[in-house]
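The values are calculated or read from the model by the stated rules, or taken from the named source; none is laboratory data. If you're wondering where the values come from, they're calculated on a predicted model, not measured in any experiment. Positions of Cβ are backbone-derived with ideal geometry, glycine not excepted, and every protein chain shown enters the neighbour counts.
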Amino acid sequence: MLTTTLTKRWVPSVEELQTLTLMLKGHLALVIPEVGRAASARRRDDTLTRADARMAISETCRKLRIEPSAGLSAHLAYARRLSRSLNALCDHYEKLCGTHPESGR
């Protein structure tokens, strides 16, 4: 029973995947300017951290311009790429600000 459960994976429907992709794009639209502002506000002597954040922004914008190919697997891969970009931008934001925005730590 456990083996059967582990091998079965949940696959989203096309509609669910489109909704997820739109949500990711919306989150990215909010996060990209914040990371850009945080990078601009960073001390000038910390060029590597600023450059890394700006490269992540550039890469994310490139991914947003590319539309996925037809097919469920292509859309799933596209959503995964966007989610990894969102995660990376959040990491850069925390590194630039030195805090966790939701908790103020």
Restricting the range 3-24 to residues that are surrounded by 14 or more Cβ atoms within 10 Å (Cβ to Cβ) and not aliphatic (A, V, I, L, M), which is modelled with the lowest pLDDT? P12
Looking only at the range 37-63, which residues are surrounded by fewer than 17 Cβ atoms within 10 Å (Cβ to Cβ), modelled with pLDDT under 95 and of a type outside the set (D, E, K, R)? S40, A41, T47, L48, T49, A51
Quick one: G104 ticks every box in (1) at positive phi; (2) modelled with pLDDT of 95 or more except a single one, so which number is it? (2)
Search the range 33-48 for residues that are under 16 Å from L86 (Cα atoms) and pair each with any residue that is of a type in the set (S, T, Y) and surrounded by 12 or more Cβ atoms within 10 Å (Cβ to Cβ) when their beta-carbon atoms are under 6 Å apart and the residues are at least 6 apart or on different chains. V35/Y93; A38/Y93
